[in-house]
Amino acid sequence: MGTTQASKSAAVRSRLKHPVIDSDGHMLEFEPGFLDYLERVGGHSMVKRFWSDERNTGSWGKLSRWYRLSPEERRDQRATRSPWWALPTKNTLDRATATLPKLLHERMDDIGLDFTVLYPTLGLSFPHIENEELRRATCRALNMFHADYFREYADRMTPAACMPMHTPQEAIEELEYTVRELGLKAIMMAGHVQRPIPAVARRDTDAVRHAFWLDTFCLDSEYDYDPVWAKCVELKVPPTFHSPGMGWGGRTTSNYMYNHTGHFAAAGEAVCKALFMGGVTRRFPTLKFGFLESGVGWGADLYAGIIARWEKRNPKGLENYNPANLNRELLFDLYRRYGGQMVQDKLNDVSKSLGLLGGTGEDTTTLDDWARCGIAKAEDIRDLFVPNFYFGCEADDPLNATAFNSKMNPFGARLRAIFSSDIGHWDVPDMTEVLEEAHELVEHGLLTEEDFRDFVFTNPVTLWTGMNPDFFKGTVVEQAAAQVPVKDREA
């Protein structure tokens, strides 16, 4: 059968006056090749450990235990239904395309893409493996494998390297090796670490797999991750995140679609909010962060929500809620004059409840929740949020238009939505339809052609070159990317 064909996406691309950059395609790892590299890194024993239950830990790995449990055990343990039938099968050409870079390279024009940044599939779980040796070995082996596997096709694609984040030291060591030794230029960091709650672990070591807290690296973290962010600045690589939210809170049912809906957004919001509230974008203003496969709807909600909360609970506004400012004399007068018999009978007890949520004993040094990010006015939130955060949006998401709705977003903001195809996964039954599907928002009047250019070209360029001006050097989009004004890349 032929591997190329005329497609609607190719037709859309032919009408555009700019390239299309995909910031989140997916590869399906050629597993035998990866295992050779894993053996090189850790020996045959590490390969055996890879096939053991040690691998089935962490945010992704724990989901796989569904298939090791009986129906009764699933109910008893409240196990989360894991992803199933998650890869294309009926479309055999696409299945092979996601595994073979030569075939993807040949089909790029038909898919309507000029360049793609490829994220792993099997490797999504590697940065979350709980055992340190296995976690670091799998990440290192996959990064070595992909550096070699995709090198010949670097003019149109590049792989995102896996970055473990359980400690700053392991993250820095893998960053140094991946960027300096392997020459990779895109990275995928773990977006959180599930850590045991100490009080629970002391009482019951088996309970820690169910009772954990999320370390998002910036607030109340186990470690100081500023050296990691500093290393990213030094090495000119924007941190991007592609971690799961399944298995948290309500996403623990036996229904995969229930668990899946919104889970990337939940994980993205957790780390995005921590980066902002923890002051990382204040301390490292040149850092760009990407949150993949999560859409931008939650980003618009978070941006507006932070502003709304600051306006009510900034240091000055907090005085509206300071118990010391309550006029008790007036309050009791109103209770006596307007309260019914029940109020009259309980007036002596009223003072006990006046503190309501919290009391007068708050530590005055911790009252300013905005201290870490140094917010003095609402516009500071815009300036520390909009330029630094990029939101990966799949082609079929109608809320992509939210990013460009400057009438709705506070201060007329246009959020940095980036086209993220998700080719290789079940979300895309036909790779040749993704660009055409994304362009439907223009055809329906929800995006302008200028908006679409920002979505598929300008915003991806500013993400990838904002820290590394040479990101697209030697690629088919090098000249076009260089035409994007420097001020847009640095904003």
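Computed extension gain for THR448 through GLN77, at 0.36 nm per residue and net of the alpha carbon distance, reaches 128.6 nm.
Under the simplified labelling scheme, the PHE30-VAL476 pair shows an inter-label distance of 2.1 nm, with each label point 7 Å from Cα along Cα→Cβ. Counting only alpha carbon atoms, the long axis of helix 263-277 and the longest principal axis of the chain meet at about 60°. Here the label points at ASP345 and GLU329, each 7 Å from Cα along the C-beta direction, are separated by 3.1 nm in the simple model. Normalised by the number of residues in the range 32-157, the average gap of Cα pairs under 8 Å and 6 or more apart makes the relative contact order 38 percent. For the set LYS17/LYS273; LYS102/LYS473; LYS62/LYS185; LYS102/LYS236, the pairs lying more than 25 angstrom apart at their alpha carbons are LYS17/LYS273; LYS62/LYS185; LYS102/LYS236.
Taking amide hydrogens as placed 1.01 Å from N in the peptide plane, the amide H of MET157 sits under 5 Å from those of THR116, each at least 5 positions away in sequence or on another chain. Would you give the gap between the C-alpha center of the range 446-464 and the C-alpha center of the range 208-229, rounded to a whole Å? About 33 Å separates the Cα centre of the range 446-464 from the one of the range 208-229. Of the peptides 83-95, 7-19, 234-246, the ranking by mean beta-carbon count within 10 Å, highest at the top, reads 234-246, 7-19, 83-95. Computed over the alpha carbons of the chain, Rg followed by Dmax gives 25.1, 87 Å.
Listed as lacking a disulfide-compatible partner in the chain: CYS218, CYS232, CYS272, CYS373, CYS393, by the criterion of no other cysteine Cβ under 4.7 Å. By other beta-carbon atoms within 10 Å, ranking ILE197, ILE423 with the fewest at the front produces ILE197, ILE423.
FYI, it's all coordinate maths here, none of it is from the lab. Note that the structure is a prediction, hence the values are computed from the model and not measured. Note: ideal-geometry Cβ built from the backbone for every residue, glycine included; neighbour counts use all protein chains shown.
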